[in-house]
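Following: one structure in structure tokens, then a few remarks.
Where a number appears in this text, it was derived from the coordinates with a stated rule and is not lab data. These numbers come from a predicted model, not from an experiment. Cβ atoms come from the backbone with ideal geometry, glycine included; neighbour counts cover every protein chain shown.
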């Protein structure tokens, strides 16, 4: 079966439409800002989808709420297990607190202390795992299977993807004639959802996936046609770092809906974070900087076009943010 056939069989767009109606009470529509500063720099009409203004500071709340609202009463009572580098765990903890679902979050020992403190404050139980983030994912899934609790994947789940895909619906409603949308990519849940919505509603809009050069796991899998081992280096884009779970549904979906791909350096990510801060007075995290960096890197070929970048989150420690911007005027 081809990637396209796999994608169509999953009926992702219909799931997104249902998610948009189901999550609205907990997840408000986020603004799409026209950025005068970035537009002048890129010589294009640049729009920023402000996911960082959501209650947990990132887009992840969409997928978490959609997944938990779909659980039956018995599953809600038993609670859920998840794994996260921070934003997804925070989102599941928030959704669990709102919907009365106990949450346990497995995290890598390198996870942001800022994000872990926020997860604890929402009443979730934390389990710290040594090693890379993929180890936390595998252990969390194993725990769920052993205890009979639902495992909520950060990306490898159609209901989570559908929740993230509601961003694509909103983008089309807010600016239906976009020429390209730039999305940062980790495990692929965000771009799978956004891309699925845009391919249905606005096929002419290019869906551009952007990775940090230091961690491009799903990109390499897309190139190979299967999940492969990828050597990674540290990146300020911690929200997109980490390997992709074997068998992830995001691989065939991303291969079906992503039109173009590119990578950006750590310097380009930091420069993009600086430019957003200068233009909009926003603090954004590294993963959001990845999408903006991809847009700015591509600006010359999109001169005069309408472009959007998804500002996926703001959850970065102040010291780390200031360190990233050190040296920029």
CD proxy at 222 nm, helix term only [per DSSP H run n ≥ 4: -39500 (n - 2.57); per residue of the chain; nearest 500] = -14500 deg cm²/dmol
inquiry  = Can you match Cα Rg over 2.2 N^0.38 Å to one of these, [x] 0.91; [y] 0.95; [z] 1.02, based on a calculation from the structure here?
reply    = [x]
Footprinting exposure proxy for 23, 284 (fewest neighbouring C-beta atoms within 10 Å first) = 23, 284
key: Mean separation of Cα contacts under 8 Å (6+ apart) over length of segment 59-109, as relative contact order %   = 45 percent
Beta bridges by DSSP in the chain, antiparallel share as percent, to the nearest 5 = 10 percent
remark   = In whole angstrom, the spacing between the Cα centers of segment 186-240 and segment 54-86 equals 22 Å
ask   = Taking Cα pairs under 8 Å and at least six residues apart, what relative contact order does segment 164-305 come out at, in percent?
value = 26 percent
remark   = Counting only DSSP beta bridges with both partners in segment 60-152, the antiparallel fraction in percent, to the nearest 5, comes to 0 percent
query = Taking the chain as a Gaussian network, where each spring joins two C-alpha atoms under 10 Å apart, which residue of 104, 235, 267 fluctuates the most?
reply = 267
ask   = Relative to the first principal axis of the alpha-carbon coordinates of the chain, what is the inclination of helix 189-201, with its axis defined by its Cα atoms, in degrees from 0 to 90 and to the nearest 10?
value = 60 degrees
task = Pick out which of 297, 77, 146 has the largest mean-square fluctuation in a Gaussian network model of the chain, springs linking Cα atoms closer than 10 Å.
result = 146
query = Percent antiparallel among DSSP beta bridges with both residues in segment 1-156, to the nearest 5?
reply = 20 percent
inquiry  = Please compute, for the alpha-carbon atoms of segment 60-152, the extent along each of the three principal axes and give them in descending order in Å.
reply    = 34, 26, 19
note = When the chain is treated as a Gaussian network with springs between alpha carbons less than 10 Å apart, the largest mean-square fluctuation among 15, 62, 24 is found at 24
note = Note on the chain: contact order normalised by length, alpha-carbon pairs under 8 Å, 6 or more apart, percent, works out to 22 percent
